[in-house]
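Participant: Structure in structure tokens, see below.
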């Protein structure tokens, strides 16, 4: 029987809906929404346990738990009590040396709620900052300003908890946004980890004409990478930077295509099988899921793509197995000639290579024997 040691729980509610967000979410209208969500999770947990049995899986002591959303910190003490009961009912437990993360937004009014989560076992916070500019935050429909960010981060930093900050590139601005100045402000709080994402929206986005041109966006990304690496943060994944030993253990499970449990609308999990894998996806319309079966070839390609996004794992072997010796040499030459490689003897992309992931994967398909 195989163990699952990581679990993702999706909490769908927010106080307000940001105009750029493409995650599954709803506006929180009353405490009745909590009741509906909890009833849904009860049903999902029952179905999930049955699915585990069907695939000869079991939930082990969790190395990683990630509660994302939405804004799961809104769930507060009620959420802590509910999950504690749910975990005890099914015999699930948080590993004593695990990484257990809660996403929060910076407009915290009462810090006692965070302490309740910590007492239960949450030992890492992921804070959705997005920008330090009040003008930009307003255009994104964010409910906080920088003074809220500063107050919350001051509390979190002084608490000594492991924490990560989210910052977004490609944001609507009336002038030239100074991303480095914003990073300087955030590094004053000494975060362990930063996730730097590019906002992706369509041409119908309300502020589409205010977004930076592609060349400017590339400069934002590469300048951010150079700055953070100079300040001691390893660029270990396309959108993620961390102090040594503070990489997101949970997200690394995704990028290494490891077993992952999932609960909550739109949440996605994965089980390894002897002849491939199974992807679990919870539906938005009802408490049901879909199953996608991956054969060995599909899984190997997915592993290659995911690991190529990181500086983790033996990518050389995956490339050799897929392309063969001659085409592997051609692929490495392509990477080297375009200055996409780190200087570590492995097929490990640098920041410029991460930026060009799409064209790099196109080259893999072009060379496929």
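The values are calculated or read from the model by the stated rules, or taken from the named source; none is laboratory data. Fair warning: this is a prediction, and the values are worked out from it, not measured in the lab. Virtual Cβ from ideal backbone geometry, glycine too; neighbours counted across all protein chains shown.
Participant: Which of the numbered conditions does residue 13 fail, given that it passes all the others? Conditions: (1) buried (at least 17 other Cβ atoms within 10 Å of the Cβ); (2) without any contact (Cβ under 8 Å) to a residue 40 or more places away in the chain.
Facilitator: (2)
Participant: If you don't mind, another one. Is at least one residue of segment 278-286 assigned by TED's automatic domain parsing to the domain that holds residue 164, in contact with a strand residue (DSSP E or B) (Cβ under 9 Å, 6 or more places away or on another chain) and not in a helix (DSSP H, G or I)?
Facilitator: no
Participant: Here's another thing I want to ask about it. Mind checking which residues of segment 329-355 are in a helix (DSSP H, G or I) and buried (at least 18 other Cβ atoms within 10 Å of the Cβ)?
Facilitator: Within segment 329-355, 331, 335, 351, 353, 354, 355 qualify.
Participant: Considering only helices (runs of 4 or more DSSP H) fully contained in segment 98-181, which possess at least 1 residues that are without any contact (Cβ under 8 Å) to a residue 60 or more places away in the chain and closer than 22 Å to residue 212 by Cβ?
Facilitator: 134-139, 146-159
Participant: Further question on the same structure: What are the residues in segment 298-318 that are touching a helix residue (DSSP H, G or I) at 6+ places or on another chain (Cβ under 9 Å) and without any contact (Cβ under 8 Å) to a residue 40 or more places away in the chain, if any?
Facilitator: Residues satisfying the conditions are 300, 301, 314, 315, 316, 318.
Participant: Further question: Can you spot a residue in segment 72-89 that is surrounded by fewer than 19 Cβ atoms within 10 Å (Cβ to Cβ) and in contact with a strand residue (DSSP E or B) (Cβ under 7 Å, 6 or more places away or on another chain)?
Facilitator: No.
Participant: From the list 182, 188, 215, which residue is buried (at least 17 other Cβ atoms within 10 Å of the Cβ), out of contact with any helix residue (DSSP H, G or I) (no Cβ under 8 Å at 6 or more places or on another chain) and assigned by TED's automatic domain parsing to the domain that holds residue 141?
Facilitator: Just one listed residue meets the conditions, 182.
Participant: Yes or no: segment 302-321 includes at least one residue that is at positive phi, surrounded by fewer than 16 Cβ atoms within 10 Å (Cβ to Cβ) and assigned by TED's automatic domain parsing to the domain that holds residue 357.
Facilitator: The answer is no, given that none of the residues of segment 302-321 is at positive phi, surrounded by fewer than 16 Cβ atoms within 10 Å (Cβ to Cβ) and assigned by TED's automatic domain parsing to the domain that holds residue 357.
Participant: Let me ask another. Please go through segment 49-73 and give me each residue that is out of contact with any helix residue (DSSP H, G or I) (no Cβ under 9 Å at 6 or more places or on another chain), assigned to a helix (DSSP H, G or I) and in contact (Cβ under 8 Å) with a residue 24 or more places away in the chain, ordered by number.
Facilitator: 51, 52
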